[in-house]
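Nothing in this text is a laboratory measurement; each read-out follows from the coordinates by a stated rule. Quick caveat, the model's predicted, so the values are computed rather than measured. Counting neighbours? That spans all protein chains shown, and the Cβs are built from the backbone with ideal geometry, glycine included.
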Amino acid sequence: MKSRELCFLFLVVLALTSAEPYRFDQFKVFRVRIEAQEQLDVLRSLKTGPNSYEYFDEPRQIGQELDMMVPPFLQSEFDNMITGTKMNKKLMINNLQELVDKERPNRAVENDDEFGWDDYHSIDTINAWMYSLEELYDEVTVIQGGTTYEGRNILGVNINRNPGQNPGIFIESQIHAREWITSGSTTWIINKLLTATTAEPEYKNLADNINWYIFPIINVDGYEYTRNVYRMWRKTRSQQGLICNGVDPNRNWDVYWEKGGIGSSANMCDGSFAGPEAFSEIETKSLSEYILSLADNLNFYISFHSAANMLLFPWGHTNNPSPYYPQFMEIATATINALHARHGTNYTYGPVYSTIYPTTGISSDWVHYALGIPGFTYEFRNRNTATGENYGFLAPPEEIQPNAEEVLDSLVALVQKATELGYMTPNAPGRRQ
């Protein structure tokens, strides 16, 4: 790498270690459609990261639509690239900083002693809240699913009102650091499960008859980095080479893992860098070991992401369907119909590879491969359903409750359909014995 580029990267790193979080004033987000190999090659050649472009999803294939952040000082270069490659673009967000500010309206007077859903809380506050639930409810146990590069614990809750009897569902949330609405919605769902009364029988039934393992935040280090330093960070925080940090923790699982290729990046500075090897990250390695220790207790695995309005299931690495594709489609259809009925939010659904884009080394595929149980991935809403306002990953806190409401309704339908199809029994289709 040239010395000038190294100097520039050093200055960027220095800026990101300052007391105030990085700002995105007048940064715009455009949606572009890749319709030719030349366009794909140009997008892949762009430098990304702080003080540069940022992809909300990495450019993967012809036919893909993707959102990308454009700094004001690169606007002219971006416009020339669009013109030169005859690429279609659409402005989605005019000023990214306005959305960042809306996410943390109480930042200046933040009081993490009061837990609620009008703000996004620190990991310490979320953990303290989970421990308070353990004190309040006999059926709640705080559980540790793993550890992180920076030495934090990955904590969740086990909700089990009938030990030894209930089928198990594992929920993994916010494995990508910048997807804040996933943890906000997950904590809301936890609270509703525990407080549902006989006036809400469908929710109380979920709490009474499912053994829940729920982790609000998997990528703990990355989340704290997005809160305090750089809001658009996606990866873990491990050191990679001399100047790069982090691995995409949802490209690092040991299932059809590859460094580069169609489903991940081999460039250690890219947002979808798969790591030097499968399970190179302590987060994915320790969490996978914890999941394996629960193998006899689990019937379904669910991963919460944002923001693409989708419900996905295996596989990500190939267009060849899972042997259980018909059953998965039945479950997905019922689930998304219920989700839509709540607020009118539209989702698409299907296998990862053909519905969103090719991926490799993802958690839901690994669970399906290793345990034989269904692994479903939600991509939460990316806009206000009522107003149509686009916010992508930067959902304001007032979106937490409506998003969580429709997701919880969809979980009711998911469990009902999965039960009908035999997936909530010890001898479920495909389950490893």
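Structure above, values below:
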item	result
Whole-angstrom gap from the range 181-206 to the range 213-268, using each part's C-alpha centre	29 Å
Beta bridge orientation in the chain: antiparallel %, DSSP, nearest 5	55 percent
Segment Glu135-Asn319, length gained on full extension (0.36 nm per residue, minus Cα span)	61.5 nm
Charge tally in the Cβ shell below 13 Å around Leu414, where Lys, Arg are +1 and Asp, Glu are -1, Leu414 excluded	-4
Dmax and Rg, reported as Rg then Dmax, of the range 269-397 (C-alpha, Å)	15.7, 45
0 to 90° range, to nearest 10: angle between helix 180-195 axis and the chain longest Cα axis	10 degrees
Estimated [θ] at 222 nm from DSSP helical runs (n ≥ 4, -39500 (n - 2.57)) normalised by residues in the chain, nearest 500	-11000 deg cm²/dmol
Where Rh is the Kirkwood radius over Cα pairs, Rg/Rh for the chain	0.95
Theoretical FRET efficiency, 1/(1+(r/R0)^6), r = Cβ-Cβ of Glu98 and Ala36, R0 30 Å, to 0.05	0.35
Top positive-direction residue, dipole computed over the chain with Cβ charges, set Leu311, Gly241, Val32	Val32
Estimated FRET transfer efficiency (Glu330, Glu398; beta-carbon r; R0 30 Å; 0.05)	0.35
Residues of the range 124-151 with amide N under 14 Å of a point placed 7 Å along Cα→Cβ from Leu194	125-143
Size of charge dipole - the chain - debye, nearest 20, with Cβ of Lys, Arg +1 and Asp, Glu -1, no other charges	1160 debye
Fraction of beta bridges assigned by DSSP in the range 97-227 that are antiparallel (%, nearest 5)	65 percent
Peptides ranked, highest mean first, by Cβ atoms within 10 Å: ranges 417-428, 268-279	268-279, 417-428
Cβ-defined net charge surrounding Glu330, 10 Å radius [Lys, Arg +1; Asp, Glu -1]	0
Residue-by-residue Karplus 3J(HN,Hα) for the range 232-247, coefficients 6.51, -1.76, 1.60, Hz, glycine and proline x	8, 5, 10, 8, 6, 10, 5, 6, 10, x, 7, 10, 10, 10, x, 10
Range of Cα positions in the range 152-208 per principal axis (Å), largest first	36, 26, 16
Computed magnitude of the charge dipole of the range 328-433 (debye, nearest 20; Cβ of K, R +1, Cβ of D, E -1)	340 debye
Helix axis angle, 325-343 relative to the chain longest principal axis, alpha carbon, degrees	80 degrees
Chymotrypsin sites (Phe, Trp or Tyr not before Pro) lying in DSSP loop within the range 323-365, provided at most 15 other Cβ fall within 10 Å	none
Surrounding net charge for Pro426, when Lys and Arg each add one and Asp and Glu each subtract one, Cβ distance under 13 Å	+1
Rounded to 10°, Cα long-axis angle of helix 123-136 versus longest principal axis of the chain	10 degrees
Reachable lysines from Lys285, criterion Cα separation under 23 angstrom, eight or more residues apart if same chain	Lys235, Lys259
Arg44-Lys89 FRET efficiency (beta carbon distance; Förster radius 25 Å; 0.05 resolution)	0.90
Simple Cβ-charge dipole of the range 28-126, Lys/Arg +1 and Asp/Glu -1, about Cα centre, in debye nearest 20	780 debye
